[in-house]
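J.: Sharing a structure, written as structure tokens. Questions coming.
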Amino acid sequence: MGTILFHNFKSAIFVLMATILQLETATQVCSAAIAVNGETIALKELAAQNIHAGSLTLFIRDVMESAGLAYPELDAVAVSKGPGSYTGLRIGVSTAKGLCFALDKPLIGIDTLKMMAQGFLNTAGNYTGLVCPMIDARRMEVFTGLYQRDLTEVLPVEAKIIDGTSYQEQLNNHLITFIGDGAMKCSDSIVSPNALFSDLNFNSASNMSALAYSAFSTGDFVDLAYFEPYYLKDFVITQAKKKV
């Protein structure tokens, strides 16, 4: 069963008020959240294969009801834009765009890897090392980037094949925590006393709250007509060897 988290919040004075619906579908996690001024107040998510198409709209309904909101009360919709699963991203982005068109609300695209890094850093206390989110891209390939604590990019987002030489230059000088569903499979290849690995899930719509509020505050919206997910790699259809 998915879980719903709901937190009461007291009104306060903010420079800019923003109620944002947030969607994350880049991996096996299907997640929807409501955030007010960068603080998550409702969350519904579940990690399972092939559930996004049938579950995302239900999760949206649940968090809207939990937050006591009507759809016109939203100020924007934010969606995880990739990289990640081709099918998952298509479902998340098409749902977000449909809502924005229907409600005449702006759309915010959130970098999936940066969102994961933000989620880890939210739990990391005084951690001063680097964070390397990894999304499984099959075999020993991952979608990845490398970030400082302030989310400054150290290495750009890329599809990377991991071997024994990966990140050794950075690991000579920095502690690096590798996170995400692609991280644990790389732990045998990345060997260093400065390499840490987390099997916790950071692909959650709740982890985009601060990023989405920052984008809303600066008017950093995407073009509804032309916005597409960031797949990073072309989608390849594998043909069956046996003829039916």
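J.: Residue check: is S189 in contact (Cβ under 8 Å) with a residue 24 or more places away in the chain, farther than 29 Å from A33 by Cα and in contact with a Ser or Thr (Cβ under 7 Å, 6 or more places away or on another chain)? Step through it out loud before you land on a result.
T.: Working: in contact (Cβ under 8 Å) with a residue 24 or more places away in the chain: yes; farther than 29 Å from A33 by Cα: yes; in contact with a Ser or Thr (Cβ under 7 Å, 6 or more places away or on another chain): yes.
Answer is yes for this residue.
J.: Might you let me know whether the stretch 1-19 holds any residue that is modelled with pLDDT of 95 or more, more than 14 Å from the chain's Cα centre (by Cα) and surrounded by 22 or more Cβ atoms within 10 Å (Cβ to Cβ)?
T.: Going through the stretch 1-19, the residues modelled with pLDDT of 95 or more turn out to be 18-19.
Restricting the remaining residues to those that are more than 14 Å from the chain's Cα centre (by Cα) gives 18-19.
Narrowing the set further to residues that are surrounded by 22 or more Cβ atoms within 10 Å (Cβ to Cβ) leaves none.
No, that holds for no residue.
J.: Still on this structure, please answer the following. Scanning the stretch 194-228 for residues that are among the charged types (D, E, K, R) and without any contact (Cβ under 8 Å) to a residue 40 or more places away in the chain, which turns out nearest to M17 (Cα to Cα)? Can you show your working first?
T.: Going through the stretch 194-228, the residues among the charged types (D, E, K, R) turn out to be 199, 220, 223, 228.
With without any contact (Cβ under 8 Å) to a residue 40 or more places away in the chain added as a condition, the list becomes 199, 223.
On the way: D199: 35, D223: 22 Å.
The residue in question is D223.
J.: Another question about this same structure. Does V131 satisfy the condition of being crowded, with 22+ Cβ neighbours inside 10 Å, of a type in the set (A, V, I, L, M) and either under 17 Å from A26 (Cβ atoms) or touching a helix residue (DSSP H, G or I) at 6+ places or on another chain (Cβ under 8 Å) (or both)? I'd like the intermediate steps shown before the answer.
T.: On the way: crowded, with 22+ Cβ neighbours inside 10 Å: yes; of a type in the set (A, V, I, L, M): yes; either under 17 Å from A26 (Cβ atoms) or touching a helix residue (DSSP H, G or I) at 6+ places or on another chain (Cβ under 8 Å) (or both): yes.
Yes, satisfied.
J.: Regarding the stretch 164-187, can at least one residue be identified that is assigned to a loop (DSSP other than H, G, I, E, B), in contact with a Cys (Cβ under 8 Å, 6 or more places away or on another chain) and closer than 30 Å to F59 by Cα?
T.: Taking the stretch 164-187 and keeping what is assigned to a loop (DSSP other than H, G, I, E, B), we get 164-167, 172-175, 180-183, 187.
Checking which are in contact with a Cys (Cβ under 8 Å, 6 or more places away or on another chain) leaves us with 166-167, 183.
Remaining after also requiring closer than 30 Å to F59 by Cα: 183.
Yes, the stretch 164-187 has at least one match.
J.: I've got another one for you. Within the stretch 56-71, can one find any residue that is under 14 Å from the mean Cα position of the chain (by Cα) and at pLDDT 95 or above? Lay out the reasoning, then the answer.
T.: Our first condition is that a residue be under 14 Å from the mean Cα position of the chain (by Cα); within the stretch 56-71, this holds for none.
No, that holds for no residue.
J.: Scan the stretch 66-77 and tell me whether some residue there is buried (at least 18 other Cβ atoms within 10 Å of the Cβ), in a strand (DSSP E or B) and in contact with a Leu (Cβ under 8 Å, 6 or more places away or on another chain).
T.: Looking through the stretch 66-77, at least one residue is buried (at least 18 other Cβ atoms within 10 Å of the Cβ), in a strand (DSSP E or B) and in contact with a Leu (Cβ under 8 Å, 6 or more places away or on another chain).
J.: In the list G92, G84, which residue meets the criterion of being buried (at least 20 other Cβ atoms within 10 Å of the Cβ), under 19 Å from the mean Cα position of the chain (by Cα), assigned to a loop (DSSP other than H, G, I, E, B) and of a type in the set (G, A, S)?
T.: Details: G92 fails: assigned to a loop (DSSP other than H, G, I, E, B).
Just one listed residue meets the conditions, G84.
J.: Sort out which residues of the stretch 124-156 are within 19 Å of G88 (Cα to Cα), of a type in the set (A, V, I, L, M) and modelled with pLDDT of 95 or more, and write them in order of number.
T.: Once the filter is applied, which keeps residues that are within 19 Å of G88 (Cα to Cα), of a type in the set (A, V, I, L, M) and modelled with pLDDT of 95 or more, the stretch 124-156 yields M134, I135, V142.
J.: Now for a different question. Which ones in the stretch 65-110 are of a type in the set (D, E) and on the phi > 0 side of the Ramachandran plot? Walk me through how you get there before you give the answer.
T.: Here is the first cut: in the stretch 65-110, the ones of a type in the set (D, E) are 65, 73, 75, 104.
The one that is of a type in the set (D, E) and on the phi > 0 side of the Ramachandran plot: D104.
J.: Of the residues D181, D220, which is charged (D, E, K, R) and buried (at least 18 other Cβ atoms within 10 Å of the Cβ)? Write out each step before concluding.
T.: Working: D220 fails: buried (at least 18 other Cβ atoms within 10 Å of the Cβ).
The match here is D181.
J.: Among the residues of the stretch 156-178, count how many are exposed (fewer than 15 other Cβ atoms within 10 Å of the Cβ) and either more than 16 Å from V142 (Cβ to Cβ) or without any contact (Cβ under 8 Å) to a residue 60 or more places away in the chain (or both).
T.: 9
The values are calculated or read from the model by the stated rules, or taken from the named source; none is laboratory data. Because the structure is a prediction, the values reported are computed rather than measured. Quick reminder, even Gly has a Cβ in these numbers, built from the backbone with ideal geometry, and neighbours come from all protein chains shown.
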